[in-house]
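Notes to accompany the following structure.
The values are calculated or read from the model by the stated rules, or taken from the named source; none is laboratory data. These figures come from a predicted structure and were not determined experimentally. FYI the Cβ positions are ideal-geometry reconstructions off the backbone, even for glycines, and counts take in every protein chain you see. Accessible surface areas use protein heavy atoms only, side chains included; no ligands, DNA or RNA. Shrake-Rupley method; radii C 1.70, N 1.55, O 1.52, S 1.80 Å.
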Amino acid sequence: MTKASTSLLVILSLLTALSTARLFPLGLDLAFPSMGHQILDARLMFLLHISAASVALACGALQIIAAVRKRYLNVHRWVGRLYALAVLLASFSGFLIAFQIAGIIGTTGFALLAVIWLIVTGQAVRLARTHQIQAHRRWMICSFALTFAAVSLRLQLAIFMFGLSMPYEQVYPFLAWSCWVPNLVFALWYVGRS
């Protein structure tokens, strides 16, 4: 990856992770006004999901910086452990939240994202523990592509809701798939060519 593309991924990831901080001064209902119907019965899971996913996104952003990986191996390992724990919590809670979404298309998309995210990250951790570093790196690229779904979702949501004036309920079933499938396809292509 070029320095420019890495910088863009890091900046977008950190900005998205930090945007979750609006929850603390505003509260859940004001911070996420269009999602009230989805989080009514799963407030605790939603809080866990957005908090853990934000940690995973920030940790993942640090991990893609080559200088951090190469010069500070111990930091890389500890941030990686935190990333894996955050993915575990975010995918578990995300899976449960998926069943709060109206419609089978949205539910299936987000539930599959949660399951695949956990499996891919678990495989990457297993490979790191067995010192299969090149394979670990490939699986982590795919894991971070799935983590980056948080960024893709927000960017697409802005385009649909603000650019095209489409209501949230109308675009959400599409976003349940478009926020992560293209990311994963790109990651698989990138890993396959390198």
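Scan (i) 23.0; (ii) 10.9; (iii) 9.9 for the value of mean projected area of the Cα convex hull in nm² calculated from this model and give just the label. Read-out taken from this structure: (ii).
Placing unit charges on the Cβ atoms of the charged side chains and taking the dipole of the stretch 63-194 about its Cα centre, the candidate lying farthest along the positive direction among CYS142, SER165, VAL68 is VAL68. Here the peptides 150-163, 168-181 are ranked by packing, the mean other Cβ count within 10 Å, and the order with the highest first is 168-181, 150-163.
Taking the protein heavy atoms of the chain in the context of the full set of protein chains, the accessible area attributed to carbon and sulfur is 73 percent at 1.4 Å. Each Lys and Arg adds +1 at its Cβ and each Asp and Glu adds -1 at its Cβ; summed about the Cα centre, the chain shows a dipole of about 1060 debye. Restricting the chymotrypsin sites (Phe, Trp or Tyr not before Pro) of the stretch 86-138 to loop positions (DSSP other than H, G, I, E, B) with no more than 16 neighbouring Cβ atoms within 10 Å leaves PHE99.
Adding -39500 (n - 2.57) for every DSSP H run of four residues or longer, then dividing by how many residues the chain holds, sets the calculated 222 nm ellipticity at -25500 deg cm²/dmol.
Surface exposure of the chain, expressed per residue as accessible area with a 1.4 Å probe, stands at 55 Å².
Helix 133-147: angle to the longest alpha-carbon principal axis of the chain, degrees 0 to 90, nearest 10? The helix 133-147 is inclined about 10 degrees to the chain. Computed over the chain with a Gaussian network model linking Cα atoms closer than 10 Å, the most mobile of ALA56, ALA111, ALA90 is ALA111. For the peptides 118-127, 5-14, residues were scored by their other Cβ atoms within 10 Å and the scores averaged per peptide; the highest-first order is 118-127, 5-14.
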